[in-house]
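The values are calculated or read from the model by the stated rules, or taken from the named source; none is laboratory data. On a predicted model such as this, the values are computed, not experimentally measured, just so you know. Counting neighbours? That spans all protein chains shown, and the Cβs are built from the backbone with ideal geometry, glycine included.
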Amino acid sequence: MSIFDRYIKKVEKKGRYDNSSIFVDAVDTPKVIRDVAIVVAGIIALSVLDPFYSVPTGYRGVITQFGAIKGIEQEGLVVLPPWQKMALFSIRSEQADIDKAQGSTSDTQPVEVSMTVRYSIATDKVAEVYEKYSHNGDLSSYVQTATHEIFKAVTSRYTATDLIAKRSEVSHDIYDALGKKLSIYGAQVVSIDMRNFSFSASYMAAINEKVTQEQLRQAADNKLKTVESEQKQKVAIAEAEASAVRAKADGDAYAQLKIATAQAESLKVQNAALAQNKDVLELRRIEVQMQQAKTWDGKLPQNIYAGAPIPFLNVK
């Protein structure tokens, strides 16, 4: 029963109600002092011991008791006794930058590359990684060392030309080998980004020269193909024109042949007609003389040769 409940009953018995008596009764009551002391002590204990912990998203809470791992907590609120502690451990994707990793190809060409490796800690390996390698999930130093080692091993299996031509295949081989290596540390590879892939200056110059020569060769081949195509077009046009000329000549010859044949047939018909009727020849001669008479201007020729016809004169 609280102080106020006891006072209400006391007032009901005495038949009076005095606010000041509440304060006096409370102050003078040892139990009240004890209750206040307990509350204050509890507040102080909570502020000092702080048993409430929070595990944010992307983390795990590693519970330790006197240095020994006692459990792994998921995201959310965690309440622990004062003899246990909790450390936050990241399981998010972390990043490790590898600058100028060096290797050598199978044809002894030095090669250099910079990479960014993204990795994360396997959720079932948190306790093991916390105990052996990292108390917060940062394994960047292990990742960098492993990447250098893997890059040298992978590039030694390729020639310099293949490293350029098969870059995606090289990246896949590094991804697989690095994944197996990092599994030892309880980590898994999320992605690999290779950049600034380069060889020695002399080799790069040789490659550029080769590329330039190849481009010139392709340009020459393209020009030759263009010339050959143009020549073929000209030959085709010439052949077409020659065919057209031959066709025209054949057509003209055929037409002339047909005309000559027709004329010969006409002469045969005329000769046959003349042979059968000689009066037709005389009629033709008369027609010619009549035509000449129509076109005569009335003047006699000055020179008359032997055998030349004398114009007919009609003198009245």
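Would you tally the residues in region 175-233 being among the β-branched types (Val, Ile, Thr), more than 28 Å from the chain's Cα centre (by Cα) and in the same structural domain as Tyr130 (by TED's automatic domain parsing)?
Selection size over region 175-233: 1.
Here is a yes/no grid of residues against (1) at pLDDT below 70; (2) of a type in the set (Val, Ile, Thr):
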position: Arg16; (1), (2): yes, no
position: Asp25; (1), (2): yes, no
position: Ile38; (1), (2): no, yes
position: Arg60; (1), (2): no, no
position: Ile63; (1), (2): no, yes
position: Gln84; (1), (2): no, no
position: Ala96; (1), (2): no, no
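Please work out if Tyr203 is aromatic (Phe, Trp, Tyr), surrounded by 15 or more Cβ atoms within 10 Å (Cβ to Cβ), at pLDDT below 80 and part of a helix (DSSP H, G or I).
yes
Out of region 73-87, which residues are outside any loop (DSSP other than H, G, I, E, B), surrounded by fewer than 17 Cβ atoms within 10 Å (Cβ to Cβ) and not charged (D, E, K, R)?
Those that are outside any loop (DSSP other than H, G, I, E, B), surrounded by fewer than 17 Cβ atoms within 10 Å (Cβ to Cβ) and not charged (D, E, K, R): Gly76, Leu77, Val79, Ala87.
Is it the case that some residue within region 181-188 is touching a strand residue (DSSP E or B) at 6+ places or on another chain (Cβ under 8 Å) and either at positive phi or at pLDDT below 90 (or both)?
Checking region 181-188: at least one residue is touching a strand residue (DSSP E or B) at 6+ places or on another chain (Cβ under 8 Å) and either at positive phi or at pLDDT below 90 (or both).
Look through Tyr133, Tyr119 and report the one residue that is out of contact with any strand residue (DSSP E or B) (no Cβ under 6 Å at 6 or more places or on another chain) and crowded, with 18+ Cβ neighbours inside 10 Å.
Tyr133
Within region 106-132, how many residues turn out to be among the acidic types (Asp, Glu) and assigned to a helix (DSSP H, G or I)?
Qualifying residue count, region 106-132: 3.
Okay, residues lined up against (1) on the phi > 0 side of the Ramachandran plot; (2) loosely packed, with under 14 Cβ neighbours inside 10 Å; (3) more than 22 Å from the chain's Cα centre (by Cα):
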{"site": "Asp107", "(1), (2), (3)": "no, yes, yes"}
{"site": "Val129", "(1), (2), (3)": "no, no, yes"}
{"site": "Ser140", "(1), (2), (3)": "no, no, yes"}
{"site": "Ile150", "(1), (2), (3)": "no, no, yes"}
{"site": "Ala160", "(1), (2), (3)": "no, no, yes"}
{"site": "Glu169", "(1), (2), (3)": "no, yes, no"}
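I need the full set of residues from region 88-105 which are of a type in the set (S, T, N, Q), crowded, with 17+ Cβ neighbours inside 10 Å and under 27 Å from Val62 (Cβ atoms), in order please.
Ser90
Based on what the data block shows, is Leu80 free of Cβ contacts under 8 Å to residues at least 60 places away in the same chain and outside the structural domain of Met194 (by TED's automatic domain parsing)?
yes
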